[in-house]
1. Test of understanding: among Thr84, Thr49, Thr115, which residue is modelled with pLDDT of 95 or more, of a type in the set (Val, Ile, Thr) and out of contact with any strand residue (DSSP E or B) (no Cβ under 7 Å at 6 or more places or on another chain)?
2. Go through (1) at pLDDT 95 or above; (2) among the β-branched types (Val, Ile, Thr); (3) crowded, with 16+ Cβ neighbours inside 10 Å one by one and return the number of the condition Ile37 breaks.
3. I need the full set of residues from region 122-147 which are surrounded by 15 or more Cβ atoms within 10 Å (Cβ to Cβ) and more than 21 Å from Ile78 (Cβ to Cβ), in order please.
4. Would you mind stating whether Glu10 is in contact with a Phe, Trp or Tyr (Cβ under 9 Å, 6 or more places away or on another chain) and over 19 Å from Leu135 (Cα atoms)?
5. So which of Thr3, Thr79 is modelled with pLDDT under 90, open to solvent by 30 Å² or more (accessible area, probe 1.4 Å) and out of contact with any Asp or Glu (no Cβ under 7 Å at 6 or more places or on another chain)?
6. Here are some residues: Val88, Val65, Val119, Val97. Which one is surrounded by 15 or more Cβ atoms within 10 Å (Cβ to Cβ) and in a loop (DSSP other than H, G, I, E, B)?
7. Of Leu130, Leu125, Leu135, which residue is closer than 22 Å to Leu34 by Cβ, out of contact with any Leu (no Cβ under 6 Å at 6 or more places or on another chain), assigned to a loop (DSSP other than H, G, I, E, B) and in contact (Cβ under 8 Å) with a residue 24 or more places away in the chain?
Amino acid sequence: MVTDGATNEECDAIVTSINPATAAARHYIKTHGLSLIAAGKEVTINVETWESIGDPMNHFDPEKVLIDFEKAGDGFYITKLKGTSFAVPSFGAIDAVGYQGPKGGRRQASAMWATNERVIELTVLEKRSLPIEKLLIKLAANTAAAFI
């Protein structure tokens, strides 16, 4: 999708300890996802990217995307979830920020990296007692670092 001078792509993934080889297993994963996450048997991952299309008449502003993310992060993670912001490695980005907070029996973390032409956001939802910041940064070392 092209919006505000950039292409925008989104990808969701589920990592689970349950073998999804059968339709019944896939249905179980789909209907019990949140309880599987709380039990430590599933992690969900969302990756969203924006990349400038290079149109001077339709300028992409990565800084605006990052500012909007920070406002939403402050409102959701810090105010609503009583979570925190945390430092993330830049992986070559001009700016990067991360947030995390408890969400029921789960913990959610989201981070964003921006350059002059590209932005990537990575969100992870996993069991509340696990070190989500470390997992997000480990995943970002492959995804964000490769995109930036």
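The values are calculated or read from the model by the stated rules, or taken from the named source; none is laboratory data. Keep in mind the model is a prediction, meaning the values are calculated, not measured. When we count neighbours, we look across all protein chains shown, and the Cβ atoms used for this are built from the backbone with ideal geometry, even at glycine. Ligands, DNA and RNA are excluded from the accessible area calculation, which covers all protein heavy atoms including side chains. Shrake-Rupley method; radii C 1.70, N 1.55, O 1.52, S 1.80 Å.
1. Of the residues listed, the single one that is modelled with pLDDT of 95 or more, of a type in the set (Val, Ile, Thr) and out of contact with any strand residue (DSSP E or B) (no Cβ under 7 Å at 6 or more places or on another chain) is Thr115.
2. Of (1) at pLDDT 95 or above; (2) among the β-branched types (Val, Ile, Thr); (3) crowded, with 16+ Cβ neighbours inside 10 Å, only one is false for Ile37: (1).
3. Lys127, Leu139, Thr143, Ala144, Ala145, Phe147 - these are the residues of region 122-147 that are surrounded by 15 or more Cβ atoms within 10 Å (Cβ to Cβ) and more than 21 Å from Ile78 (Cβ to Cβ).
4. Judged against the criteria, Glu10 is not a match.
5. The conditions single out Thr3.
6. Val88
7. Being closer than 22 Å to Leu34 by Cβ, out of contact with any Leu (no Cβ under 6 Å at 6 or more places or on another chain), assigned to a loop (DSSP other than H, G, I, E, B) and in contact (Cβ under 8 Å) with a residue 24 or more places away in the chain holds for just one of Leu130, Leu125, Leu135, which is Leu130.
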